[in-house]
Every structure is written in structure tokens, then in C-alpha cells.
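Inspection log for the structure reproduced underneath, given as C-alpha cells.
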Amino acid sequence: MSHRLLSVGFFYIHKDRGHRGTVKTHSSSLLALALLALLCGLGISDVFAQEAGTSPVDFPYAGNRTAVWIVAQLHILFAAFILGAPIFVVISEWLGYRKQDPRYDRMAKEVTKVTVILFSMTAVTGGLFIFVLLAAYPQFTTSFINQFYVVFAIIYPALFIAETILMYAYLYTWDIWKGEKKGRHIALGVLLNLVCLLILFVINGPTSFMNTPPKAEGVSPQDFLAAATLWDKIANQSWFPLSLHRIDGNVAFGGFIAGMIAAYMYMAAKTKEERAYYDWMGFVAIWIAVGGSLLQPFTGLLLAYEMCDYDFSFCPYMMADQLSMFFEMQGIMIGLLFLGINYYSWLSVKRIEGADNVRISVLAPIVVVILLPVTMWVMNSWWIPDPMSLAFLLPLTMSPFLLGRFVPVTVSARTVIKIGFIIMLISDAVWLTPAGFVATGTDMPDEMKLPEGWDYLSSMPAKLSAIFTLVFVTIVNFVLYNRAIKQGTILWGKIDFAAQFVLIFLAFTSTWIMGLMGAVRSLLKKYFHTYSLVSDLSAESFTPTLSYSAGWITAITVFFIAVVTVAALIAIRPSVVQAKEPEGNPVPVPVK
Amino acid sequence: MWNLFKKLAVGLVVGGGLAAIANSQEVPVSFQLLFFIIALVGAVVFALLDAKTLNVMNGGMSFFAVTVFWVFLISVCVAGASFLPQFDPEDEKAKIGKLLDKERKQSAQGKTEELIARAKALDQQVKALEDRLKGIGGGQAVAMTQAPSATEKPAASGGGGAGDIMKVGEEQWQLQECYNCHKLRGEGGKKRGPELDNIGTLLTVEEIQQKIADPKSFMAEGYDKEWQKGIMPDKFKDLMDPKEMLALATWLGSFKNVAVNTPKPIKKK
């Protein structure tokens, strides 16, 4: 802004107020006015800096919004790991204690060491997030913090400090509280998890508030907010479903990342014993991750359901309009994730001696084959939350396990798994079939639409049926794997080396999906900072392209995994090396 | 390698068959391509299932293999996302620009921009005056300063004719994305809300306005579930000013196509 413009601006204001004079007067006072206008301009600059959506800074290359997005997503990934890993760790420690298997204890301790390093990264990225947010959106950030002052100033820091103390205490009491005191250590781990869960629920309040601020029929959002209590703001409509979705997501994420760490350590292992241990660690980590992953589609659906119930315009925005191809990409990645999980399961079965003799009732492959069309029919007839759908589907899915023993015909595990893969591919095809391959469904030309008779493939019941089938096939494979373990002998360390690449692939895919869904959740606010309450007046308030978003999501994923890899190498490698080297006899030192 | 070729051949046959069936049913080419790609992915999956066991690699080889694998994963993710149809943000920017126009103008930033625009115009006027003063003389200068200001606003467009109201109404239909749920003139709508081509016959402009401001005030016949669930968002009174809402209601009220079966609205409040 030039001084000349500022001065003329000030001149204009005077003129508008009726202070008319000669041009000579105007010209002679121009310099004086320029000085005054500069002061006035500085005043405007201050106001400008405080305006919602405007910013005194402009992050180079990426822009303000992308800068906030990158740091926020990185923080969420680290936070997801440090909140998810303790659940994984304490389960593992407890299993080790119960089974008296030291491998579980070693794995739990190793993952805890990595978690402690990443805990620092969480704090660093969290601090950075606040700085970037304050710099990019000063007024919004201030008003947002004011809305949740008690949370940001008291509850969250107190919990974070408690988590820090507990996490370090948990790690440093590991070797002290063993044997008879192990129960005490596990209890400390449980306490740590409780605090982690509390943090998750507390911080999800402000996060979900931005998407679904509390409202009431017939009252303007501003009026309702003015009268709302802190609890009203926290317990908004998407708070609980988001928290549930993040809990199982974090467990799965912790498992997948632990699996990747195991893969790297397996690749770097020098001895058979080490290889056997990290093979086992990868296997356990993945099955804990799968436990979380199986729940994820359903808690995710619950979250989407609540969002759509809050404001139905979210639904077409996600599924038919600007974000429709984001969900297409999500379908591709989740489809690949499930294929990866089941391929790992296949490779695991291959290294079990005697697995060829494992058989299962013919009912299992029959249900696997018919499940997709039957679920589609049921979902079309009794859509959620009609309980009639469960009345059909529960008996059908339970039948191979409950009635299987009464059916004498059996099929080999290998055949069932292969049938499962075919059905998974068909389910993926159903999931990936949109109403039309267009960026938005608003003005879709007829020649791009699925023709009548095929359009049921693009319906929500079809999508849900596909997810349901993917989950069921994975459960069947898990059952088969367990039977193989019971009937055969696992050759730990003998797994196909390709399995390590599958573990890396699963960690990458799950991190990428988290990044994608993080972007989707944030974009759902549309052109608002807080939906329907605070508009984002900046020029960046629009939906970016999938291509642009995918580039950044990939960069974030790569950075995160690189940091985790370094953390794992720092935390675990020295202990592996140390364990291999015998302490030896002390060298005698001559006494003076 | 033979295993891979065999599986790929099966994948090509299955994919080709699926694409051919889809083509015979007039399914668009993009879907045929999707089915074909999934068949090929299936071939790769089955080739992997029956592939020979990969031997343990040493440290250096592992590092190289992992690096190549990472490059592959990154490439697939970035390229895959770019391969899908891309939404053009410019479409949305124009809409959001209109929606936030008032708010932006009311903001300090907007006021500053307006001030700058006015200052620019005035700056030019001052320059012109100075030039004329030099050439003509002081007597005429006063008269010049009293000439109509270039910065004076033209007559408010709000007082325009019915055409303007209709234009604003149609614009609101687009900006508020009503077409996502309602079909009108054969376009939009996904059966979530009633078709509105005959709404002008069934409701007055005031009633349409009431329905927009308070979606629970009327229920379209046969849309009991949607009405109970509150599918129509209760937010438009906060997003539109009364003039815009009136314009939208007036524009909708002009649709009186009795050939279209717009469901009868039932007054609820």
C-alpha cells in the first residue's frame, strides 16, 4: 500500500464529511495528510491483522492453510501413535505376564521406548501447530482458545503433564517392577492409558466443535453459543463418534506402526533368534492392528451418520460433490489395506508346518460367497438403524462357526482363503463403483452416469455391504490362521521375506488413510473455521483438488514414517546390539 | 515368471470379459476401465499368492529394496490420486466469493479495500484537477470540484425490477446448493427432497419463505421420514439475509408446471 494512496484515502474521508476547500488547500496539505494517513493506515493494519481470515503472514510456497494443515496432520499422527501405542503396549505386557512369555514383555518395552521419543515429537509439533495457527489466523485462534479457555489452559496441560510423568515412570519402572511387582507395573500402564483416553476425549471436544458446534431448532447458532456451557460445546454431536473412531483408529495405527518397526528390525537382524523374535513381533502387532481395523469402518460410519444428521448438506458434499473422489481414493486405499492384511495372513499360514491339513466347514466359503449379495438385499430392505438387518445378518455370519460342526463336508484352508480373495476383489469393485466418474455429481452428464439397473452398485447399502464382506472375510482368515496354529507348528523367523514389505505397506497405507480422512474432516467445515459460526474470509477457503491434497498427504506420511524409523533405530538398535555382546570379565586395574 | 504370465493372462481375459459385458449394457467407459483394472489387480494378487518364497536379503540389499518399494508406493499414491477426476476449485471459489462477499466487505479488510478503491479513484480525480488548474485557471477550479464525484455510488441495485429478484433468487438456489436435494427443471435432486417444478401452484411466496426459514413448518406429502429426521437443514435463515430469502422464494414461486407431480405441502406449524 503506497503512502500516496493512503494520503488520498484520508483526503477523501475529509471531503466526504463536507470539508470542502480549494484544490490548492488540498494540494498543500497533502504531505501533512500523508503523515496522518500513514498513522491511520497503521491503525488499519492492526485491525487488518486481527480480522478473521486475514493474516499478517503468508507462508511461502504452501500458503497459510496448507501450512496449518501440514503441521496439524503431523501432530495428529504423532499424537495418534502416542495415544494408541500405550493401549497396544499394556495389552502386550499383560499377555506376556499371563502367558509367561518374555517376548511380549520385550516387545512392549521396545515400543514404549519408541513412544517416549515420539512423545517429544508430539509436543514439538503441538507447539508448532499453535504457533502456525496463531500466525496464520490470529483472531480466529484467539477467539477459539477463549471458547475453550478452561480446556486449553487447565485441563489439557494438566492431563499432558500427568501423561508425561506416567509415561516416563512406566518406562523407568519396567526393570524395577518385575516378577511379583509386575502387576503393579501393568496397573501403572492401565493408569497411563486412562489418562491417554481422557486426553483424547478432552481434545476431541474443540476439534469436533469446529465441525458440529452445538445448536438448537429455532435459535441462531450465535445466540445458542452465547448461552452454551463448556460441556455443551465439548459434548457436541460428533464428539463421541469421533472419539470412538479415533480410539480404534489409534489402536490399529499403533499396531501397524509397530509392525513396520518389526519389519525393519527383521531386515536388519543378524541372527536367527532375532529374526524369529521380530517375525513374531510383526505377527502380533498386525493382529492387534487388525482388531482395531475391523471396527474402524463401523465407527467411521457412525461418525458420518452423526455428521449427516447434524446437517444433511455434509452428506452430498462428501459422497456426491467436492469430496466424492476423496472417498473414491479412500475406497482404493482401504481395499488395498484389507488385501494387504489378508496377504500377510496368507504368508503367515504358509510358514506353518501342517497348515495344509487345516480344513473348515463348507458353510464358511458358502457364506463368504453369498454374503455380499445377501447383505445388499438386507440393507436395501432394512436400512440402518433398523434392527431387522441384524436379525438376518447375525445368524448368517455366525452359521459357519456355530453350525459348521454339524455339516460333514469340509474345505481346505487354502481354498477358503483363495475364495476369500476373489470375494474381496468383488467387494472392492462394488465399493469403488461411484454414481459417475466425475469430480462433482451436481451437473453430471447422463453419459457419465451408471445406467439404470446398475445404479444399485453406487448406493450406500452396496458400499456398506462391501465393507461388511471385507471384514467378514478377514475374520474367517483369522479363524483359519488360529486353527493352523493349533494343528501345526509355527516356524518363527521362516516367514516369506515378502511379508516384511507387506508390513511396511500396511503402515504406509494406514498412515496415508489417516492423512486423507484428516483432510476430509477438516474440509467438511467448508468455508467456515467453525461450521456455520465463523467464516474463513481468506482467499484459501475452498476445497483443494484431490491431486494437490494427495501430494501433501504423501509428503506428510513420508516425513512421519521417516521420523518413526529413526526413532526406532535410536531406541531399539542399541539394545539389540547390547544384548548380543557379552559383558565379559572386568579388566583388572592396578591400584596406586 | 510363468506363474505371473499365466495369472496376468487370466486377469486380462476376466477383465476383458467384464468390460465387454459392461459395454454391452451401455455402462460408461470409465466404469469398464475400473472393472478391467480390478481384474488385473486380482491377477497380481493371485500371482503373489502362488509366488515363490522370497529369500532373506542382507542389510544393504534390504535397504535398497525398501527404498525402491517406498518410491513405488509414493508414485502409486500420487499418480493414483491424480488419475481420478479432479474438482476445479475455481467453481467453488466463485460461489464462496459471492457467499462471503457481504461478510468480507463488512470486515476491516473489506473496508480497507473499499477505502483503497475510493482513494484510487480520488487520486486520479486530483491528478486531473491539477492538470486542468495548470491549463485553465483558478476560477473554473471551484466549479470543477463541485462536479459529480466519480466515487459517488450509482443508484442502489436493490431497487431494481422483478428481473433482478429472479436473478438473485436463482443465484441463491445455486449458492445454497438446493439442487443437491431438490429436482428442478429436470436437473439435480437425489430423491432426498421433493421435485419443485410446481411449487408455485401449491405454496405462496410467503409460505415458501417460511419453509426455507423453518424447514419444519411444512412437510411434503410422502416425505414423513425425511421431515421427522430433519433432513432439510435449519440453517438458511442464518446464511441468507431476508432479501435473498425473499428472492429465492419469489423465484421458486414462479415455477407452476402442473405437469410435474410436486408433492402437496402439509402445514405443520
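The values are calculated or read from the model by the stated rules, or taken from the named source; none is laboratory data. These figures come from a predicted structure and were not determined experimentally. Glycine also receives a Cβ, built like all others from the backbone with ideal geometry; neighbour counts cover every protein chain displayed.
Identify, from the list A:201, A:209, A:253, the residue that is under 19 Å from residue A:108 (Cβ atoms) and hydrophobic (A, V, I, L, M, F, W, C).
Numbers: A:201 fails: under 19 Å from residue A:108 (Cβ atoms); A:209 fails: under 19 Å from residue A:108 (Cβ atoms).
Result of the check over A:201, A:209, A:253: A:253.
Here is a check on your reading of the model: is residue A:136 closer than 23 Å to residue A:198 by Cβ and in the same structural domain as residue A:209 (by TED's automatic domain parsing)? Before the answer, list the steps.
Working: closer than 23 Å to residue A:198 by Cβ: no; in the same structural domain as residue A:209 (by TED's automatic domain parsing): yes.
Against the criterion (closer than 23 Å to residue A:198 by Cβ and in the same structural domain as residue A:209 (by TED's automatic domain parsing)), residue A:136 does not qualify.
So if I check each of A:465, A:458, which one is among the small types (Gly, Ala, Ser), over 24 Å from residue A:261 (Cβ atoms) and within 14 Å of chain B (Cβ to nearest Cβ)?
Numbers: A:465 fails: within 14 Å of chain B (Cβ to nearest Cβ).
Just one listed residue meets the conditions, A:458.
Report yes if residue A:471 is among the hydrophobic types (A, V, I, L, M, F, W, C) and within 14 Å of chain B (Cβ to nearest Cβ), otherwise no. I'd like the intermediate steps shown before the answer.
Details: among the hydrophobic types (A, V, I, L, M, F, W, C): yes; within 14 Å of chain B (Cβ to nearest Cβ): no.
Considered against the rule, which asks whether it is among the hydrophobic types (A, V, I, L, M, F, W, C) and within 14 Å of chain B (Cβ to nearest Cβ), residue A:471 comes out as no.
Inspect segment A:313-330 for any residue being free of Cβ contacts under 8 Å to residues at least 12 places away in the same chain and either assigned by TED's automatic domain parsing to the domain that holds residue A:542 or charged (D, E, K, R) (or both) and give the result as yes or no. So that I can check it myself, show each step before the final result.
Of segment A:313-330, the ones free of Cβ contacts under 8 Å to residues at least 12 places away in the same chain are A:313, A:315.
Next, only the ones that are either assigned by TED's automatic domain parsing to the domain that holds residue A:542 or charged (D, E, K, R) (or both) stay: A:313, A:315.
The answer is yes; a qualifying residue exists.
Of all residues being part of a loop (DSSP other than H, G, I, E, B) and out of contact with any Pro (no Cβ under 9 Å at 6 or more places or on another chain) in segment A:411-439, which is surrounded by the fewest Cβ atoms within 10 Å (Cβ to Cβ)? Just the residue, please. Break it down stepwise before answering.
Within segment A:411-439, the subset part of a loop (DSSP other than H, G, I, E, B) is A:432-435, A:437-439.
Among the residues that remain, those that are also out of contact with any Pro (no Cβ under 9 Å at 6 or more places or on another chain) are: A:432-435.
On the way: A:432: 23, A:433: 26, A:434: 27, A:435: 18.
Ranking the candidates gives A:435 first.
If residue B:51 passes every condition in (1) out of contact with any Asp or Glu (no Cβ under 8 Å at 6 or more places or on another chain); (2) buried (at least 18 other Cβ atoms within 10 Å of the Cβ); (3) facing chain A (nearest Cβ under 9 Å) but one, which one does it miss?
Of everything listed in (1) out of contact with any Asp or Glu (no Cβ under 8 Å at 6 or more places or on another chain); (2) buried (at least 18 other Cβ atoms within 10 Å of the Cβ); (3) facing chain A (nearest Cβ under 9 Å), residue B:51 misses just condition (2).
Can you tell me which residue is nearest to the other protein chains (Cβ to nearest Cβ) among those in segment A:218-273 that are in a helix (DSSP H, G or I) and of a type in the set (Lys, Arg)?
First, pick out the residues of segment A:218-273 that are in a helix (DSSP H, G or I): A:221-227, A:230-234, A:239-268, A:272-273.
Then keep just the ones that are of a type in the set (Lys, Arg); that gives A:233, A:246, A:272.
On the way: A:233: 18, A:246: 23, A:272: 10 Å.
Among those that are in a helix (DSSP H, G or I) and of a type in the set (Lys, Arg), it is A:272.
Go through (1) over 21 Å from residue B:92 (Cα atoms); (2) surrounded by fewer than 24 Cβ atoms within 10 Å (Cβ to Cβ); (3) of a type in the set (Ser, Thr, Tyr) and name the single condition residue A:469 misses.
(2)
If you check A:77, A:42, A:35, which single one turns out to be closer than 18 Å to residue A:522 by Cα, among the hydrophobic types (A, V, I, L, M, F, W, C) and either surrounded by fewer than 22 Cβ atoms within 10 Å (Cβ to Cβ) or modelled with pLDDT of 95 or more (or both)? Talk me through it step by step, then tell me what you get.
Details: A:42 fails: closer than 18 Å to residue A:522 by Cα; A:35 fails: closer than 18 Å to residue A:522 by Cα.
Selected residue: A:77, the only one of A:77, A:42, A:35 that is closer than 18 Å to residue A:522 by Cα, among the hydrophobic types (A, V, I, L, M, F, W, C) and either surrounded by fewer than 22 Cβ atoms within 10 Å (Cβ to Cβ) or modelled with pLDDT of 95 or more (or both).
Could you tell me whether residue B:269 is closer than 18 Å to residue B:189 by Cα and either within 14 Å of another protein chain (Cβ to nearest Cβ) or at pLDDT 90 or above (or both)?
On the way: closer than 18 Å to residue B:189 by Cα: no; either within 14 Å of another protein chain (Cβ to nearest Cβ) or at pLDDT 90 or above (or both): yes.
Here the answer is no, as residue B:269 does not meet what is asked.
Just one of B:172, B:109 is more than 10 Å from chain A (Cβ to nearest Cβ), part of a helix (DSSP H, G or I) and either surrounded by 17 or more Cβ atoms within 10 Å (Cβ to Cβ) or modelled with pLDDT of 85 or more (or both); which is it? Can you show your working first?
On the way: B:109 fails: more than 10 Å from chain A (Cβ to nearest Cβ).
None of the others qualify; the one that does is B:172.
Quick check, is residue A:445 without any contact (Cβ under 8 Å) to a residue 12 or more places away in the chain and not assigned by TED's automatic domain parsing to the domain that holds residue A:273? Break it down into steps so the answer makes sense when it comes.
Values: without any contact (Cβ under 8 Å) to a residue 12 or more places away in the chain: yes; not assigned by TED's automatic domain parsing to the domain that holds residue A:273: yes.
Answer is yes for this residue.
Among the residues of segment B:54-73, write down those that are assigned to a helix (DSSP H, G or I) and either surrounded by fewer than 17 Cβ atoms within 10 Å (Cβ to Cβ) or more than 7 Å from chain A (Cβ to nearest Cβ) (or both). Outline the logic, then answer.
Within segment B:54-73, the subset assigned to a helix (DSSP H, G or I) is B:59-73.
Passing the criteria: B:59, B:60, B:61, B:63, B:64, B:65, B:67, B:68, B:69, B:70, B:71, B:72.
Exactly one condition in (1) within 19 Å of residue A:519 (Cβ to Cβ); (2) surrounded by fewer than 20 Cβ atoms within 10 Å (Cβ to Cβ) is not met by residue A:317; state its number.
(2)
Identify all residues within segment A:320-357 that are aliphatic (A, V, I, L, M), more than 9 Å from chain B (Cβ to nearest Cβ) and either under 17 Å from residue B:38 (Cβ atoms) or buried (at least 23 other Cβ atoms within 10 Å of the Cβ) (or both); write none if there are none.
Of everything in segment A:320-357, those that are aliphatic (A, V, I, L, M), more than 9 Å from chain B (Cβ to nearest Cβ) and either under 17 Å from residue B:38 (Cβ atoms) or buried (at least 23 other Cβ atoms within 10 Å of the Cβ) (or both) turn out to be A:334, A:337, A:341.
So in segment A:138-181, with the set limited to residues that are more than 23 Å from residue A:118 (Cα to Cα) and touching a Gly at 6+ places or on another chain (Cβ under 9 Å), which one is modelled with the lowest pLDDT?
Ranking the qualifying residues of segment A:138-181, first place goes to A:139.
For segment A:295-410, please list each of the helices (runs of 4 or more DSSP H) lying entirely inside it that holds at least 3 residues being in contact with an Asp or Glu (Cβ under 8 Å, 6 or more places away or on another chain) and farther than 30 Å from residue B:233 by Cβ.
Working: elements: A:314-319, A:324-350, A:363-381, A:388-402.
In segment A:295-410, the matching helices (runs of 4 or more DSSP H) lie at A:324-350.
Please state which one of A:339, A:394 is out of contact with any helix residue (DSSP H, G or I) (no Cβ under 7 Å at 6 or more places or on another chain) and not acidic (Asp, Glu). Step through it out loud before you land on a result.
On the way: A:339 fails: out of contact with any helix residue (DSSP H, G or I) (no Cβ under 7 Å at 6 or more places or on another chain).
The unique qualifying residue is A:394.
If you take the residues in segment B:74-85 that are facing chain A (nearest Cβ under 7 Å) and part of a helix (DSSP H, G or I), which one is surrounded by the fewest Cβ atoms within 10 Å (Cβ to Cβ)? Step through it out loud before you land on a result.
To start, the set of residues in segment B:74-85 that are facing chain A (nearest Cβ under 7 Å) comprises B:74, B:77-78, B:80-82, B:84-85.
When the remaining residues are screened for being part of a helix (DSSP H, G or I), the result is B:74, B:77-78, B:80-82.
Working: B:74: 17, B:77: 24, B:78: 16, B:80: 17, B:81: 26, B:82: 14.
By that ranking, first place goes to B:82.
Is one or more of the residues making up segment A:239-262 closer than 17 Å to residue A:148 by Cα and either assigned by TED's automatic domain parsing to the domain that holds residue A:96 or not acidic (Asp, Glu) (or both)?
So the first thing to find is which residues in segment A:239-262 are closer than 17 Å to residue A:148 by Cα, and the list is A:239.
Retained after the next criterion (residues that are either assigned by TED's automatic domain parsing to the domain that holds residue A:96 or not acidic (Asp, Glu) (or both)): A:239.
Within segment A:239-262 (the criterion being closer than 17 Å to residue A:148 by Cα and either assigned by TED's automatic domain parsing to the domain that holds residue A:96 or not acidic (Asp, Glu) (or both)), the answer is yes, since at least one residue qualifies.
Restrict the check to segment A:421-431 and report whether at least one residue is at pLDDT 90 or above, farther than 30 Å from residue B:182 by Cβ, under 32 Å from the mean Cα position of the chain (by Cα) and away from chain B (no Cβ under 14 Å).
So in segment A:421-431, the residues at pLDDT 90 or above come out as A:421-431.
Adding the requirement that they be farther than 30 Å from residue B:182 by Cβ leaves A:421-429.
Narrowing further to those that are under 32 Å from the mean Cα position of the chain (by Cα): A:421-429.
Adding the requirement that they be away from chain B (no Cβ under 14 Å) leaves none.
So far as segment A:421-431 goes, no, none of its residues is at pLDDT 90 or above, farther than 30 Å from residue B:182 by Cβ, under 32 Å from the mean Cα position of the chain (by Cα) and away from chain B (no Cβ under 14 Å).
Only one residue in B:211, B:237, B:243, B:216 is in a helix (DSSP H, G or I), within 12 Å of another protein chain (Cβ to nearest Cβ) and at pLDDT 90 or above, so which one is that? Quick ask: steps written out before the conclusion?
On the way: B:211 fails: within 12 Å of another protein chain (Cβ to nearest Cβ); B:237 fails: at pLDDT 90 or above; B:243 fails: within 12 Å of another protein chain (Cβ to nearest Cβ).
None of the other options fit; the residue is B:216.
Consider only pairs whose beta carbons are under 6 Å apart and that are at least six residues apart or on different chains; among these, list those whose first residue lies in segment A:538-565 and is without any contact (Cβ under 8 Å) to a residue 24 or more places away in the chain and whose second residue is in a helix (DSSP H, G or I).
These pairs meet every condition: A:542/B:89; A:542/B:92; A:542/B:93; A:542/B:96; A:547/B:81; A:547/B:82; A:551/B:78.
Go through segment A:500-551 and count every residue that is of a type in the set (A, V, I, L, M) and assigned to a loop (DSSP other than H, G, I, E, B). Break it down stepwise before answering.
Of the residues in segment A:500-551, the ones of a type in the set (A, V, I, L, M) are A:502-504, A:506-507, A:513-514, A:516-517, A:519-520, A:523-524, A:533-534, A:537, A:539, A:546, A:550.
Imposing the further condition that a residue be assigned to a loop (DSSP other than H, G, I, E, B) reduces the set to A:524, A:533, A:537, A:539.
The number of residues fulfilling the criteria is 4.
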